[in-house]
Amino acid sequence: MAQQMTSRERVFAAVTMTELPDQVPVVPLLMTRGIREGGVRVDEVLLDGEAQAHAKKKSLDKFGGDVIIAGTDLFTPVECVPGCELDYLPYAQPSLVTHPTPTKEAFYRFKEKYEKEGFQPSKRVRAIQDEIRTYVKMGLKDTHAIPTPVGGPITTAQLMTGSSEFLQLLSDDPDYAHEVTKLALDIVKNVCRMMFEAGADVCNILDPFNSSDILPPEVYREHGLPYQKELFRYINEDLKGIGFTHTCTFTQPIWRDIAGNGCLNFNGDMYPGMDKCKQAIGGQISLMGTLSPYSTLMHGSTDAVRNEVKKLAAEVGYNGGFICMPGCDIDWNIPEENMHAMIQQCAEIKYPMDVAALGDLSEVYLPGHPKHPGKRSSSAEEDQSVTKLKSRSEDLSPVEEVNQKLVEAIMEYDGEKAIEWTKKGLERGMTAQDIVFDGLSLGMKIVGDMYERNERFVTDMLKAAKTMDKAMPVLTPLLEAAGDGDGPTGTVVVGLVRGNTQDIGKNLVCLMLKANGFNVIDLGKNVKPEQFVETAEKENAIAIGMSVMTNSSSVYVEKTKQLLEEQGKGDKYLLMFGGAAANVGLGRQIGVEYGIDANAAVSLVKDHVAKRATAA
């Protein structure tokens with residue numbers, strides 16, 4: 001058995017892979033959850049580094065773990081850009097309210113100022129420096145590793161402009177996208193420099209925008225990877241520091257790229273499975289992850305937590321190079337018993353590892369596996385229209401041929417073909433509604449299904465939507481003539497609830513609702529319950545859709561429902577929610593409908609419209 005190590009020695013043994021650690025290292029991600037143990041709210045200490053340090057030290061004393069993390073989130077670089085507005089929340093990470101450079105004019109004003117005056121750190125960057133220095137004074141650097149999260153170059157770039165806007169730039173104006181990312185890189189470098197100067201050991205570069213759920217691998221290799229390589233060169237050579245890479249969700253197509261970007265550790269969800277990632281790149285780079293933060297750590301039993309840790313150790317950590325960590329972040333309300341179970345189980349697994357002694361784990365599955373409780377399937381799996389199209393023979397009726405060609409046009413992003421077959425559909429006697437719902441929208445549904453299966457990317461969804469938009473001018477006058485002037489199917493209010501920032505999933509829901517003929521009022525991010533209710537009333541909406549990415553933010557979904565009930569309007573609208581922290585059980589508890597993906601959201605609204613029509 002290996003000699004007893006300090007937490008610091010244990011972490012660096014795993015990270016560098018120069019020797020086996022004595023036991024499985026663990027990073028419990030006690031950031032906002034760690035602050036809770038200090039008896040203070042998150043928003044009370046974000047600008048007080050010493051207070052934040054003392055709160056997290058109490059958490060370390062209570063739970064244990066091998067690191068103490070300075071800071072809480074990836075917004076530190078973008079917060080150094082004038083015009084950036086964050087909402088500091090009491091029980092969660094901050095939420096971005098205002099993108100600082102949403103237009104070229106705003107960007108070039110900032111660039112000119114930056115080139116004249118140089119990097120100007122925000123108050124929070126300085127507060128995190130104070131937090132790190134406090135840990136050093138406490139003597140924690142002698143016993144524990146001190147990492148801090150920093151937003152990555154392209155992730156910071158899209159926070160400067162807005163995520164949907166940046167995705168459009170990648171397609172329409174790639175040179176400008178490079179220009180924004182280049183400036184973002186310099187800001188990120190400066191934040192990292194200040195963290196290492198204060199005494200941090202590691203900058204974990206949070207770069208979720210590079211996920212293969214969002215960017216096709218070739219786009220990542222052109223617009224993300226080069227900036228990562230330069231950042232890690234700077235960290236390794238100029239700062240003599242250590243850099244990690246964190247990228248969320250589906251990353252399999254770019255694993256080898258990440259292993260070669262210059263970082264010493266890759267962490268994140270690693271879908272379709274950390275075991276597969278170990279097989280692909282585990283010999284080149286250490287891995288950190290991925291206990292499911294929602295289905296297991298938040299909602300599972302202590303036995304489920306322990307078994308998932310054992311499975312991770314057996315499949316990924318058997319020969320070292322592994323640190324156990326919940327994927328991405330943990331919620332303010334993670335049960336204490338599950339925190340203890342995760343940390344204690346890691347301490348009980350010693351090196352050299354006796355895998356057989358961990359027991360029968362054949363029925364335990366890692367996040368990303370189809371049988372893992374957190375695995376999401378596509379809502380279109382049993383859709384009869386999709387199944388029929390896939391099994392359709394070559395013997396098509398004239399109407400079926402139109403629908404087939406319209407689906408092909410959407411899937412091929414061929415706007416001219418969409419226009420051509422829209423006109424042919426009208427010539428063959430189809431209504432505008434039939435062309436939209438049985439042809440164009442079906443194509444969008446199939447592209448959405450392929451996205452859920454990791455066969456297409458967010459950029460592909462946007463291209464498909466633009467293809468459909470090409471055909472809509474032919475159909476819009478006919479739809480308006482046939483309808484009541486308010487769109488064929490009604491208005492839906494959609495937004496990302498307070499305390500949440502990642503809006504790509506919400507944007508896909510808006511896109512699919514529009515593709516199915518609904519008028520969509522997109523309230524954007526960080527939406528308060530009162531805004532949902534007021535807008536629904538003003539716009540005479542039929543439904544309210546709420547996206548929620550963290551468990552602590554689900555309270556705002558519940559608050560929206562309560563506001564409506566207090567006003568005697570509890571049954572006036574369809575209330576639906578979705579997102580990383582949403583599930584059908586929570587939906588039943590709150591009393592709102594759950595949609596697993598964008599296609600499911602469309603189905604919920606369509607069913608609601610049909611029921612209203614039947615009752616009328």
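Miscellaneous remarks
- In terms of distances greater than 20 angstrom between alpha carbons, the cross-link table entries K56/K229; K405/K463; K405/K466; K417/K470; K58/K350; K229/K525 yield K56/K229; K58/K350; K229/K525.
- For the range 157-162, Karplus couplings with θ = phi - 60° (6.51, -1.76, 1.60), whole Hz, Gly/Pro x: 4, 6, 6, 5, 9, x
- At an R0 of 30 angstrom, the distance between the Cβ atoms of Q433 and E539 translates into a FRET efficiency of 0.85.
- Remark: the range 403-416, residue by residue, has Karplus-estimated 3J(HN,Hα) of 4, 4, 5, 5, 4, 4, 4, 5, 6, 9, 6, 9, x, 5 Hz, where x stands for each Gly or Pro and the curve is 6.51 cos²θ - 1.76 cosθ + 1.60 at θ = phi - 60°.
- Taking every alpha-carbon pair under 8 Å whose residues sit at least 6 apart, the chain reaches a relative contact order of 12 percent.
- Centre-to-centre, using Cα atoms only, the range 235-312 and the range 1-43 are separated by 15 Å.
- With both residues required to sit in the chain, DSSP beta bridges show an antiparallel share near 10%.
- Between the amide H of V202 and those of I146, T148, distances stay under 5 Å, these residues lying 5 or more places away or on another chain, with hydrogens modeled in the peptide plane.
- Checked against a 28 Å cut-off, the cross-linked pairs K445/K611; K141/K189; K62/K561; K104/K606; K137/K182 give Cα-Cα distances beyond that limit for K62/K561; K104/K606; K137/K182.
- Between E363 and N333, the simple spin-label model (points 7 angstrom out along Cα→Cβ) gives 3.0 nm.
- Exposed loop sites are taken as GluC sites (Glu not before Pro) in a DSSP loop (any state but H, G, I, E or B) with at most 14 other beta carbon atoms within 10 Å; the longest stretch of the chain without one runs 20-362.
- Table column - 3J(HN,Hα) (Hz), the range 205-214, Karplus curve with 6.51, -1.76, 1.60, x for Gly and Pro: 7, 8, 10, x, 5, 7, 3, 6, 5, 10
- Label-point separation in nm, R453 to E117, each point 7 Å along Cα→Cβ: 5.2 nm
- Over the range 390-482, relative contact order from alpha-carbon pairs under 8 Å, at least 6 apart, %: 35 percent
- Principal axis box of the range 390-482, alpha-carbon based, largest edge first, Å: 37, 31, 21
- An ellipsoid equivalent to the range 544-592, defined through the eigenvalues of its Cα gyration tensor, has semi-axes of 18, 10, 9 Å when rounded to whole angstrom and sorted largest first.
- Stokes-Einstein translational diffusion, the range 303-367 - Kirkwood Rh over all Cα pairs, 1.306 mPa s, 10 °C, in µm²/s: 128 µm²/s
- Straight-distance crosslink candidates among aspartates and glutamates, where the alpha carbon sits under 16 Å from K240 and sequence neighbours closer than 8 are dropped: E197, D201, E230
Readers should treat all values here as calculations from the given coordinates under stated rules, not as data from a laboratory. Predicted, not measured: the structure shown is a model, and the values here were computed from it. Neighbour counts are summed over all protein chains in view; Cβ atoms, including those assigned to glycine, are modelled from backbone coordinates with ideal geometry.
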